[in-house]
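Before any comments, here is the structure.
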Amino acid sequence: MSSTQVPGAANSDRICVGAIAGAQGIQGAVRIKPFTSAPEDIAAYGPVSDEAGNREFEIDILEVRSGMVIAGFDGVGDRNAAEALKGLRLYVARAALPEAGDDEFYHADLLGLKVVMAEGDAVVGTVRAIFTAGATEVLEIDRGPGQHTQLVPFTRAAVPKIDINAGWLSIVPPGEQEAETEEE
């Protein structure tokens, strides 16, 4: 990696838009956990491929149920073939996605970013994962070997600054957020 690149997934020319959770029925349909804002958008950017880019699939959405996409793939005609795809992550070309707006980020752009404290710039770790917990997204921060991961709500109060190009984001620990709110 050259020194001008940002660490983590932001360098990827492909973005993961979902993962196959398992088979649905006996005719080869699959359940897909989408990583898109709207579940049906998983098919909006053209064909998807596996992580290596070796296999490509056109997604035929059959229905959206409880946030999961039920879909068919060409060449997947029975439950056994569908079940064999379980766990497969689905990718699209980054260029196929719309530009992120102001204060919008693709999760892939945040993964691997250095995490610093908002006050003092002390390095805390790196963004390891982003997941949904109720109505809030949460950053999981890898603090290094032998350390527990840290969870931080992905809100403006907890993550006041993000600089994708410089490769970092800043956090305010939850206890300090509450103290600031009480002082105002």
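The values are calculated or read from the model by the stated rules, or taken from the named source; none is laboratory data. Given the structure is predicted, the values throughout are model-derived calculations rather than measurements. Note: ideal-geometry Cβ built from the backbone for every residue, glycine included; neighbour counts use all protein chains shown. Each accessible area value is taken on the protein alone, full model and side chains, heavy atoms only, with ligands, DNA and RNA left out. Shrake-Rupley method; radii C 1.70, N 1.55, O 1.52, S 1.80 Å.
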Could you pull out the residue among ASP121, ASP142 that is more than 11 Å from the chain's Cα centre (by Cα), at pLDDT below 90 and either surrounded by 12 or more Cβ atoms within 10 Å (Cβ to Cβ) or not small (Gly, Ala, Ser) (or both)? ASP121
If THR155 meets every condition in (1) within 30 Å of ASP50 (Cα to Cα); (2) polar (S, T, N, Q); (3) not in a strand (DSSP E or B) apart from one, which number is that one? (1)
When segment 50-66 is examined, which residues are found to be assigned to a loop (DSSP other than H, G, I, E, B) and loosely packed, with under 12 Cβ neighbours inside 10 Å? ALA52, GLY53, ASN54, SER66
Output for segment 69-84, where each listed residue is touching a helix residue (DSSP H, G or I) at 6+ places or on another chain (Cβ under 7 Å) and either closer than 16 Å to LYS33 by Cα or open to solvent by 50 Å² or more (accessible area, probe 1.4 Å) (or both): VAL69
Quick one: in segment 85-102, which of the residues that are open to solvent by 80 Å² or more (accessible area, probe 1.4 Å) and free of Cβ contacts under 8 Å to residues at least 12 places away in the same chain is nearest to ARG143 (Cα to Cα)? ASP102
Could you list all residues from segment 124-136 that are open to solvent by 60 Å² or more (accessible area, probe 1.4 Å) and touching a strand residue (DSSP E or B) at 6+ places or on another chain (Cβ under 7 Å)? ARG128, PHE131
State whether the residues of segment 105-118 include one that is free of Cβ contacts under 8 Å to residues at least 40 places away in the same chain, assigned to a loop (DSSP other than H, G, I, E, B) and either open to solvent by 30 Å² or more (accessible area, probe 1.4 Å) or touching a Cys at 6+ places or on another chain (Cβ under 7 Å) (or both). no
State whether one or more residues within segment 171-183 are open to solvent by less than 50 Å² (accessible area, probe 1.4 Å), among the polar types (S, T, N, Q) and modelled with pLDDT of 90 or more. no
Scanning segment 67-87 residue by residue, those assigned to a loop (DSSP other than H, G, I, E, B) and either under 11 Å from ARG31 (Cα atoms) or among the β-branched types (Val, Ile, Thr) (or both) turn out to be GLY67, VAL76, LEU85, LYS86, GLY87
